[in-house]
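Below you'll find the structure, written out as structure tokens, and then a few comments.
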């Protein structure tokens, strides 16, 4: 490829631009050299013009430096070499003559001159006036000379504009300075400076553009354009760049050092990073305390990330320096991103050093200890594994015998935090940790917590629940009463009171403690939950059972109670379920209803039962006939009701009905599909006692993937419940881990569709071996169930016919 | 700018002083007229509103910069008033 001729690449226009830029940047010698080269290469009027321009700038530079003789000689030389420049050189020589006499001479000439001469001198004055003070204090001008007055006003406003925010009215004091005045460029400069400090780049641009090219203040225009962002790329001469650096509090140096530091960290060049980190620290303004602190935190974090040794941290960040406590803290925080074991160790060192500089407050110690504990992996197995120990028990042993540092004992850290400030946060962390390991130890902590902070609801809830689990209703009620007395009974605990009273009532009915039971019933009925439909009906059922407990059953009262129950339940199937459940307390079964149970009623009763069970926190006894009858309504049930049946079936061991409901549920793709799949897997787990079949796991994986994709938290909860059941089956845990139900390779949309399609084709009914044979349907749906044998009726005789 | 600096209080300020400074800052940056400014004020207040929050900040703060150059933004524009001297000296140096 032929080489492009130099002239073609440069050309007069490009050269003119380049030389113009050099002149603007104050690189006058370079401009002269370039112009000479260009003139040699392409002689002609254009290159001569550029040469004269550059020489003129050089002559003015010599004038400014006081080298008048040199300036004059250069004028002569240029005139000889380029005769066309005579007029311009003559003017420059005259300027030299005037300047040789100083400003005094120039001003004297101005006083004498008139017309064109005066105008020329004013232009020359504007070009030379680097300081309005020269005119303001000049003895060559009388005190009331307009130029002197203008210069004084300009000097005052210029000083104000460069020393602080300029008052709004300040510029008005310069209104009398006319456009033709040699001080007019100063007026524009002051406006541009004000625009720069006010953050108004438009004002800067406008005023700088109005400056004439030859004015003395024009070089500052580039600075203001660059610094205000109006023209950030504007090249600056060396002195102007130095002023810009002063105005920006050394931002240029800081930026350069930060960029170099970044490069050093990125290229893992420790020496370079260290050098420029020190420079950044040195360049940070003294008043920027919080920025300095944040920079130190950043530097330590990046230093650790780059893999540099902490002991080599530079300057004030060095761990050996006065700020070492902060540095250790930053190091520990930085380590948290890389290695929790080192981070915990770092915080331990921090606590040790902190105590050397005076005892830390309990709150501070507790906050650090809790933070340390929060860095551990959630599972104790993972903690042991991270520390290269076989099992959690081995870990505790190694800590006890000093093989591993004590700060790896999470429980001890939490206990220390509790001891340090006894805050709710500390107790909660310790209690939550212990709850997952040892219920008894957690209960002891809850008791201590409750004693130390009776106003905290968590330990009280736990203690009440624990008493409820042990069926220690008396203790549960006493805890609740004490909390009420001390006005610590929050809504969560208030809700528990009903459950406790019902539990106590059930126990008293069982034991035949009629008086106590009646008192409990009265109290339970005063609770707000008693007005809810299902709970109120259950209380009525308990009253019905109470009338028959004890030594003397009360037939009339029993009948009245049954009537009240029927009135509240509005559904014979639901009445039967409630009676069967309440009768179970007396180890008796009620009579069958005299009316035929319709599938719709039975289904509705099951749905209501499902709603009631979580409120009572205990399963209810559902007669097989109700289950059987309800199956006849599956096709007409809404998805929500089907799901309620699935969930009730799971909770109360009706796998056959739950499974049949899931068959209807998965028949169409709806938003509840993942939950139906979860319930289906759960129902299927009852089929095989030898362990979960592959089909169960396949369904669970599909349900999990589907719920995850749809962000369906309730679906995930359903899958999680099903997984708990699978895990509880013999070999379930092993099968789950072997098949990786929780693995990352969950089925995609197509695979999920395939699982659902397969399930839709499989038999709709589950033949559960767990259901007692006597409740299996033996008749076609819609037929009335036969009455139970006499032995099951005994004294608890009740016929729905009595109510009709 | 740290939350203390943003609200114009010293690091040892108590809850009441911080709350008073917050109310003053909200008046200067009302949410309806300056939502961005209000967000900043609110975040600063939340970071230091009580002793626990301040302890948290002191122990686990400040957050490192995402990028080192973010430091320049944090320092602000850094426009310094240097008086007339350096301006005039520069003009004399650049020469007429």
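The values are calculated or read from the model by the stated rules, or taken from the named source; none is laboratory data. Because the structure is a prediction, the values reported are computed rather than measured. Cβ coordinates were reconstructed from backbone atoms using ideal geometry, including for glycine residues, and neighbour counts include every protein chain displayed.
Structural remarks
- Criterion (farther than 19 Å from residue A:676 by Cβ and surrounded by fewer than 22 Cβ atoms within 10 Å (Cβ to Cβ)) met by exactly one of A:632, A:636: A:632
- Lone qualifier among A:343, A:306 - being in contact with a helix residue (DSSP H, G or I) (Cβ under 9 Å, 6 or more places away or on another chain), over 26 Å from residue B:5 (Cα atoms) and surrounded by fewer than 18 Cβ atoms within 10 Å (Cβ to Cβ): A:306
- Hey, residue A:192 within 56 Å of the chain's Cα centre (by Cα), at negative phi and part of a helix (DSSP H, G or I) or not: yes
- In the range A:53-70, the residues that are farther than 16 Å from residue A:124 by Cα and at the interface with chain B (Cβ under 9 Å from one of its Cβ atoms): A:65
- Residue in the range A:448-462 that is modelled with pLDDT of 90 or more and over 28 Å from residue B:55 (Cβ atoms) present: no
- Test: residue A:559 is in a helix (DSSP H, G or I) and buried (at least 22 other Cβ atoms within 10 Å of the Cβ): no
- One residue from A:588, A:551 being surrounded by fewer than 22 Cβ atoms within 10 Å (Cβ to Cβ), without any contact (Cβ under 8 Å) to a residue 40 or more places away in the chain and within 21 Å of residue A:518 (Cα to Cα): A:551
For every residue, the table says whether it meets (1) assigned to a helix (DSSP H, G or I); (2) surrounded by 19 or more Cβ atoms within 10 Å (Cβ to Cβ); (3) without any contact (Cβ under 8 Å) to a residue 12 or more places away in the chain; (4) out of contact with any strand residue (DSSP E or B) (no Cβ under 7 Å at 6 or more places or on another chain).
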position	(1), (2), (3), (4)
A:278	yes, no, no, yes
A:285	no, no, no, yes
A:296	yes, yes, no, yes
A:327	yes, yes, no, yes
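- Subset tally (residues that are more than 28 Å from residue A:281 (Cα to Cα) and in a helix (DSSP H, G or I)) for the range A:199-258: 15
- Scanning the range A:193-218 for residues that are surrounded by fewer than 18 Cβ atoms within 10 Å (Cβ to Cβ) and within 11 Å of another protein chain (Cβ to nearest Cβ) gives A:198, A:199, A:214.
- Failed item, numbered, when residue A:235 is tested on (1) under 31 Å from the mean Cα position of the chain (by Cα); (2) away from chain B (no Cβ under 12 Å); (3) in contact (Cβ under 8 Å) with a residue 40 or more places away in the chain: (1)
- Given (1) crowded, with 19+ Cβ neighbours inside 10 Å; (2) more than 56 Å from the chain's Cα centre (by Cα), index of the condition residue A:607 fails: (2)
- Residue A:98 passes every criterion in (1) within 60 Å of the chain's Cα centre (by Cα); (2) within 13 Å of chain B (Cβ to nearest Cβ) apart from (1).
- Conditions (1) part of a helix (DSSP H, G or I); (2) out of contact with any helix residue (DSSP H, G or I) (no Cβ under 9 Å at 6 or more places or on another chain): number failed by residue A:493: (2)
- Annotation for the range A:251-270: at least one member residue is within 9 Å of chain B (Cβ to nearest Cβ), farther than 26 Å from residue A:129 by Cα and modelled with pLDDT under 85.
- Condition check for residue A:273: modelled with pLDDT under 90, more than 10 Å from every other protein chain (Cβ to nearest Cβ), closer than 19 Å to residue A:314 by Cβ and touching a helix residue (DSSP H, G or I) at 6+ places or on another chain (Cβ under 9 Å): no
To keep it simple, each residue is scored yes or no on (1) more than 14 Å from chain B (Cβ to nearest Cβ); (2) more than 22 Å from residue B:94 (Cα to Cα); (3) buried (at least 20 other Cβ atoms within 10 Å of the Cβ).
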| site | (1), (2), (3) |
| --- | --- |
| A:76 | yes, yes, no |
| A:85 | yes, yes, yes |
| A:111 | yes, yes, no |
| A:117 | yes, yes, no |
| A:144 | yes, yes, no |
| A:151 | no, no, yes |
| A:168 | yes, yes, no |
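- With respect to the conditions (1) more than 14 Å from chain B (Cβ to nearest Cβ); (2) buried (at least 23 other Cβ atoms within 10 Å of the Cβ); (3) touching a residue at least 24 places away in the same chain (Cβ under 8 Å), residue A:182 lacks only one, and its number is (1).
- Residues that are at pLDDT 80 or above and more than 21 Å from residue A:543 (Cα to Cα) number at least 2 in the following helices (runs of 4 or more DSSP H) confined to the range A:571-631: A:599-616, A:624-630.
- Any hit, the range A:532-550, residues being under 53 Å from the mean Cα position of the chain (by Cα) and in a loop (DSSP other than H, G, I, E, B): yes
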